[in-house]
Each structure stands twice: as C-alpha cells, then as structure tokens.
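Everything on this sheet refers to the single structure shown next.
The values are calculated or read from the model by the stated rules, or taken from the named source; none is laboratory data. If you're wondering where the values come from, they're calculated on a predicted model, not measured in any experiment. Neighbour counts are summed over all protein chains in view; Cβ atoms, including those assigned to glycine, are modelled from backbone coordinates with ideal geometry.
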Amino acid sequence: MKVDVLLGLQWGDEGKGKIVDVLTPKYDIIARFQGGPNAGHTLEFEGIKHVLHTIPSGIFRSNVINIVGNGVVIDPVIFQKELEKLSPFNIDFKERLLISKKAHLILPTHRLLDAASETAKGKNKIGSTLKGIGPTYMDKTGRNGLRVGDIFSVNFIEKYNALVEKHVGILKHYPDFSYSLDELEKPWMEGIETLKSLTAIDSEQFINDALKNGKRILAEGAQGTMLDIDFGTYPFVTSSNTVTAGTCTGLGIPPTKIGNVIGIFKAYCTRVGSGPFPTELNDETGELIRKVGNEFGATTGRPRRCGWIDLPQMRYAIMINGVTELSMMKADVLGCFNKIKVCTHYLINGEKIENFPFDVDGLNITPIYEDLEGWNCDLTQLQNFENAPEALKNYVSYLEQKLEVPIKVVSVGPDRKQTLNN
C-alpha cells in the first residue's frame, strides 16, 4: 500500500477540508503532516459548518483513525477549544485521534514572539496569523523545542521554564511590546493536561506498520503550495513544507510510499495577508468574487484578496508536487459571470513567459489573459457533472488541456453533497 496525498495548489483556503471529508470513506487513516492552528479546514454537512485547525478532517467518520503527525505544531489551548467544540458530536477522541510524540508544542511565549516580531516589521509585515507558528518551527530547527512526548517526562516543567526564560530574554529586545505571560500560562497548562488524556504514539512506526498491514492512508496538507517555506512566494510564506515532499518528513514515510497526489484548487484564486498575487483584482470584479464566495479567512476572519485563476502558478505547483489528479472547488462562485478570464502567461519586461519566476514580489508582472465563456447560472443544485452547463464543461476541459492533469472532482457548494465526479 501507498500513502495518497491531498494538498492545496494555490495560497491556501482551497477547500481541502471538504474534499478530505468526502474522500475519507475510502481510507482507514487520515494524517495531518505539517502546519498548525494557522490552518482552517471547513467542512459542512447536515446543515452544520465545522472549522478544524489541528485535528484532521476525517474526525467525523467513526471508523477512521486520525493522526496529528510529527510535522505538525500544536497549541494546547487552541487544541482544547477545538475538542470542546466537537464534544456535542460524541466523538471517541481516545480511540479515533492519535497524536505524534514528536509533534512540537507552541508555547505562550511563541505567540508573544510572533506578535512582537510582526509588530516591529511595520509596513513590511508578512501577514502572519500570529499563532506562534514561525517561532515554534524556529525552535524546532534550533533544537530547542518542546515536543508532545516531553509532557510525560518528569522534568517537563524544568524544560518548559528553560525555554520560556530564553524567550523572555528575546522579548526584551522589543521594548515597546507589552504582555502578561501569567494570563496565558494557566489555560496553556490546562491544555497540556487535555493532551495527556489523549493517545500519544510513535506515529512514524504506527503509519509504516499500517501500510504493511494494507491500511489505506490519506495525508492531509495544510495551507497551500505557494506558502511553502522553500517553493512559495518567499518571504510571504508559512514555516513548513506544504508540498508533497513534506509528507515524508512530516509523517516519517519514504518517498517510495507516496501514491496518488490530489491537488485542490479554486476555479479562481485567493490569497490572505501580504505578498505577491499576480492576478489580483482590486476592482468591482474582485469584490464580487469575495462577496459571492464568502472569501474571509476561516482562521483569522481577514478578507481574502481575489483574482482570476493563474496557469503559470498552477503549472508550477503541479510540477513541484507531482500531482496526479485535480479537484476544482467553488465553481458555483463564478456562476455570476458571462465571461471568465484565465491567466495563461506573464508579461515581464516585455517578455512573455509561461513559467513561475523567482521572487515575483520584486517583478512588475502583467498577466496575459484569455477570455472564456461563463455559465452565468446557479450550480448549487447540480446532482451530477453530466448535467452541467456546457460552458462549465468547456472550462474544465480547457484547464485539463492546459495543466495536463485530469480534474476528477468539481465542487458546486460547501456541503459534502455538493460534489460532482467528473
């Protein structure tokens, strides 16, 4: 058996949570492999909307194991609140949710460092979610971090205090930044006790044993390819590897065990926070997409920047990830247009290019668009792709031809039932 991977191909918010939820019945295990509570995976079914931040999106299926892998960073406070919101649904977390002992912990001081650093940047802010993600990964690579396995150690408090002391020393370099650590520590320690009540495992051994025993596993990515620390629009990126390669380091599986790679993308494009966005629409069209698509961050609530789909960016993401199939989300949102634009190339310094360049933030990029017919109708009641408007079918075929990867799923609404197989 091999591990299938599901991840975002744009700047996050593509709709990964919904597709994981739809696909979960085909799998025995759903595993998050990177990121932390900066993720916001939205699922909607039976008239209820759920937003998950750290817990994998297969948690609502009773016969599926959900694993928080070693590549994930966990904030005990946010994690506890997430569990509390799910408590009315009678989920057996002890059996259904497993936590890697090697997953790193976000301390209260990590959040303070994140806020202090972002504030000090002023107009050069990178758009951090202020969840402490970056400082936590910095401690991880700096070999100072605390992991889930440490909370069971007799000298855990000693380790915690040593790291906090280091952070407080760094915070002194931000004299204009004020904070109260005591207010943050009490709920954090309560969250640690909740973590202790769950099942912590050697996740890399568990997952590889599961593969040997024929279990079907889906790795769930967070954020999007263009936020990858190595291949995204640096420095306006997250602090982990959001691409397929991150599955190997974030779960402890070899590259030879990667199976299908499912790339999720919107029928248009969005971005939250700062950073380059070649096809951004700062006009009424962009505002209309935002309004119809309810484009506000699931984690931060910030309005998303909106634009047309970007094929140079998409081809780049498909190449980096080795995508084998695509799922197109939010086709229904474009139902208000007679014409739809697709960015096919960039014009940079008078040269027409089709590849995604280095450091797009420093370039004056003019998108080159091709106009396609829009479907200009409501898709939310569609039951199957065969009955879809011809303009939508043509849009899907056009993208398949340009991207050279089949689009297997077309989403026409937020509910799990509003999902069409192509």
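Among the strands (runs of 3 or more DSSP E) confined to the range 308-422, there are none with at least 2 residues that are of a type in the set (Phe, Trp, Tyr), over 30 Å from ASP230 (Cβ atoms) and modelled with pLDDT of 95 or more. Of the numbered criteria (1) free of Cβ contacts under 8 Å to residues at least 60 places away in the same chain; (2) closer than 25 Å to ARG271 by Cα, the one PHE60 fails is (2). Just the residues that are of a type outside the set (Asp, Glu), crowded, with 24+ Cβ neighbours inside 10 Å and in a loop (DSSP other than H, G, I, E, B), please, taken from the range 71-111. Those that are of a type outside the set (Asp, Glu), crowded, with 24+ Cβ neighbours inside 10 Å and in a loop (DSSP other than H, G, I, E, B): GLY71, ALA103, ILE106, LEU107.
Scanning the range 269-307 for residues that are touching a helix residue (DSSP H, G or I) at 6+ places or on another chain (Cβ under 6 Å) and assigned to a loop (DSSP other than H, G, I, E, B) yields PRO276, GLY293.
Is there a residue being under 17 Å from MET226 (Cα atoms) and either touching a Leu at 6+ places or on another chain (Cβ under 7 Å) or in contact (Cβ under 8 Å) with a residue 24 or more places away in the chain (or both) anywhere in the range 281-299? Give the steps one after another, and end with the answer.
Taking the range 281-299 and keeping what is under 17 Å from MET226 (Cα atoms), we get 297.
With either touching a Leu at 6+ places or on another chain (Cβ under 7 Å) or in contact (Cβ under 8 Å) with a residue 24 or more places away in the chain (or both) added as a condition, the list becomes 297.
Yes.
With the requirement that a residue be among the small types (Gly, Ala, Ser) and assigned to a loop (DSSP other than H, G, I, E, B), what does the range 146-172 give you?
Within the range 146-172, the subset among the small types (Gly, Ala, Ser) is 149, 153, 162, 169.
Hit for the range 146-172 is SER153, nothing else.
Could you say whether any residue in the range 345-356 is touching a Pro at 6+ places or on another chain (Cβ under 8 Å), surrounded by 13 or more Cβ atoms within 10 Å (Cβ to Cβ) and under 30 Å from ARG61 (Cα atoms)? No; the residues of the range 345-356 include none that is touching a Pro at 6+ places or on another chain (Cβ under 8 Å), surrounded by 13 or more Cβ atoms within 10 Å (Cβ to Cβ) and under 30 Å from ARG61 (Cα atoms). Pairs meeting the criteria (first residue in the range 117-130 and of a type outside the set (Ser, Thr, Tyr), second residue at pLDDT below 75, beta carbons under 6 Å, at least 6 apart or on different chains) are GLU118/LYS125; GLU118/SER128.
Within the range 352-372, the only residue that satisfies the criterion of being under 24 Å from TYR234 (Cβ atoms), acidic (Asp, Glu) and in contact with a strand residue (DSSP E or B) (Cβ under 8 Å, 6 or more places away or on another chain) is GLU354. Just one of the listed residues (ASN155, ASN144, ASN208, ASN161) is farther than 30 Å from ASP4 by Cβ and within 28 Å of the chain's Cα centre (by Cα), namely ASN144.
Just a yes or no: is a residue in the range 243-251 surrounded by fewer than 17 Cβ atoms within 10 Å (Cβ to Cβ) and part of a helix (DSSP H, G or I)? There is at least one residue in the range 243-251 that is surrounded by fewer than 17 Cβ atoms within 10 Å (Cβ to Cβ) and part of a helix (DSSP H, G or I).
Taking the criterion of being in a strand (DSSP E or B) and buried (at least 23 other Cβ atoms within 10 Å of the Cβ), would at least one residue in the range 219-228 satisfy it? Within the range 219-228, one or more residues are in a strand (DSSP E or B) and buried (at least 23 other Cβ atoms within 10 Å of the Cβ).
Residues in the range 330-343 that are surrounded by fewer than 20 Cβ atoms within 10 Å (Cβ to Cβ) and either of a type in the set (Phe, Trp, Tyr) or within 25 Å of the chain's Cα centre (by Cα) (or both): 1 in all.
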